[in-house]
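*Asks:* For reference, the structure I am asking about is given below.
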Amino acid sequence: MYRQKQQRSRTLTVTAVAALVPLAAACGSEKADGGSGSVGAGKPLTGVRWSIDSVTVDGTTHQAPDAARVRIDDSGEAEGSTGCNTFSARAAVDGERVRISDAMFTEKACEKTPVDFEKSLGRTLTTGPLTTEAEGERLTLTTSSGDTVRLSRQPDAPLYGTKWTVTVPGQKDTAGRKDTASRKDTAGRKGSAHLAFDRDAKTVSGRLPCNHVNAAATVSDGHITLGAPSTTRMMCEGSLMDAEKRILRLFDGRVDYRIDQETLTLTSEDGTIVRATADQ
């Protein structure tokens, strides 16, 4: 199941990786309300982007690659990465136990991701329901035989120096897609939109669903004052132009901003809300 194949990537069902699902973070900024999305002392399981730190099987601990992660949205759709292969799945959280189903996992060879780590991770996560134990910003999943997967909450992405992929109305953003291919796959595609803030220049620039844009941007105390936008003059299909107009409502005024891990939420004075996801 975890056999590595050079120069080949394909998607297949892998129950092992599905067990990672319950730990994923929600695409949006809202947190799950207690109940099925919670673990211990009100600690949320959903709405959090988790780094995979290590997996321990039969007393042997395997350290995870830096990029290994998992997250789940409140609807039960999840995605993640072993540091090499990406996956998506569904998961249900019942109190302090996690149960998974229907995982899709890519299979490719990566020099920086030890095969033993992926094999151990798969073995640990396919043995049945996992119990959860939260301690501060860390979470441990434990099998009935005592094997464990250890995770930690990832910090918020910085406003500056991050490429923010905008959720275009009518499209699922990359954090919510069932297809967990790299965000790079959307680069340059019609309908993709992104923004980047420059601290030194006090500007924001990027791409709207159709046109490129740049404007002045001054950040202070949870607010961003955006100048009048300067855009290119291309015309695209109606749905893209409608989405572009919605995003442009943020400009030439002050917006509130909030960052929750990898999600940026921008709210204009007229109530327009635009969300974007950190491109990593």
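The values are calculated or read from the model by the stated rules, or taken from the named source; none is laboratory data. Since we're looking at a predicted model, the values are computed, not measured. Here the Cβ positions follow ideal geometry from the backbone for every residue, glycine too, while neighbour counts run over all protein chains shown. Each accessible area value is taken on the protein alone, full model and side chains, heavy atoms only, with ligands, DNA and RNA left out. Shrake-Rupley method; radii C 1.70, N 1.55, O 1.52, S 1.80 Å.
*Asks:* Among the residues of segment 221-241, which ones are outside any loop (DSSP other than H, G, I, E, B) and more than 26 Å from the chain's Cα centre (by Cα)?
*Replies:* Result: THR225, LEU226, SER230, THR231, GLY238, MET241.
*Asks:* Among (1) under 19 Å from GLY122 (Cα atoms); (2) at pLDDT 50 or above; (3) buried (at least 21 other Cβ atoms within 10 Å of the Cβ), there is one condition LEU20 misses while meeting the rest; what is its number?
*Replies:* The failed condition is (2).
*Asks:* Here's a check for you: in segment 242-259, which residue that is charged (D, E, K, R) and open to solvent by 20 Å² or more (accessible area, probe 1.4 Å) is farthest from the chain's Cα centre (by Cα)?
*Replies:* ASP252
*Asks:* Continuing with the same structure: Return yes when PRO209 is over 20 Å from the mean Cα position of the chain (by Cα), modelled with pLDDT of 90 or more and open to solvent by less than 30 Å² (accessible area, probe 1.4 Å) and no when it is not.
*Replies:* Details: over 20 Å from the mean Cα position of the chain (by Cα): yes; modelled with pLDDT of 90 or more: yes; open to solvent by less than 30 Å² (accessible area, probe 1.4 Å): yes.
When the stated conditions are applied, PRO209 passes them.
*Asks:* What is the residue count in segment 45-80 for residues that are assigned to a strand (DSSP E or B) and touching a residue at least 40 places away in the same chain (Cβ under 8 Å)?
*Replies:* The qualifying residues number 19.
*Asks:* Still on this structure, please answer the following. Determine, yes or no, whether SER120 is in contact with a strand residue (DSSP E or B) (Cβ under 6 Å, 6 or more places away or on another chain), over 27 Å from LEU266 (Cα atoms), of a type in the set (Ser, Thr, Tyr) and at pLDDT 70 or above.
*Replies:* Numbers: in contact with a strand residue (DSSP E or B) (Cβ under 6 Å, 6 or more places away or on another chain): yes; over 27 Å from LEU266 (Cα atoms): yes; of a type in the set (Ser, Thr, Tyr): yes; at pLDDT 70 or above: yes.
Criteria met by SER120.
*Asks:* Return yes when THR140 is touching a residue at least 24 places away in the same chain (Cβ under 8 Å) and either buried (at least 18 other Cβ atoms within 10 Å of the Cβ) or not in a loop (DSSP other than H, G, I, E, B) (or both) and no when it is not.
*Replies:* no
*Asks:* As an exercise: evaluate ASP147 against (1) open to solvent by 50 Å² or more (accessible area, probe 1.4 Å); (2) within 22 Å of CYS84 (Cβ to Cβ); (3) among the acidic types (Asp, Glu) and give the number of the one condition it does not meet.
*Replies:* If we test ASP147 against (1) open to solvent by 50 Å² or more (accessible area, probe 1.4 Å); (2) within 22 Å of CYS84 (Cβ to Cβ); (3) among the acidic types (Asp, Glu), just (1) comes out false.
*Asks:* Sticking with this one: In segment 46-66, what residues are among the small types (Gly, Ala, Ser) and open to solvent by 60 Å² or more (accessible area, probe 1.4 Å)?
*Replies:* GLY59
*Asks:* Among the residues of segment 95-117, which ones are within 18 Å of VAL55 (Cβ to Cβ) and at pLDDT 80 or above?
*Replies:* If the condition is that a residue be within 18 Å of VAL55 (Cβ to Cβ) and at pLDDT 80 or above, then CYS110, LYS112, THR113, PRO114, VAL115, ASP116, PHE117 are the ones that fit.
*Asks:* Going through segment 246-272 one residue at a time, which ones are within 19 Å of ALA228 (Cβ to Cβ), of a type outside the set (Lys, Arg) and in contact (Cβ under 8 Å) with a residue 60 or more places away in the chain?
*Replies:* Within segment 246-272, ILE247, TYR257 qualify.
*Asks:* Could you grab me the full set of residues in segment 107-124 that are among the β-branched types (Val, Ile, Thr) and either assigned to a helix (DSSP H, G or I) or out of contact with any Pro (no Cβ under 9 Å at 6 or more places or on another chain) (or both)?
*Replies:* VAL115, THR124
Conditions tested, residue by residue: (1) touching a strand residue (DSSP E or B) at 6+ places or on another chain (Cβ under 9 Å); (2) in a strand (DSSP E or B); (3) hydroxyl-bearing (Ser, Thr, Tyr); (4) open to solvent by less than 60 Å² (accessible area, probe 1.4 Å).
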| residue | (1), (2), (3), (4) |
| --- | --- |
| PHE105 | yes, yes, no, yes |
| THR127 | no, no, yes, no |
| THR131 | yes, yes, yes, yes |
| PRO158 | yes, no, no, no |
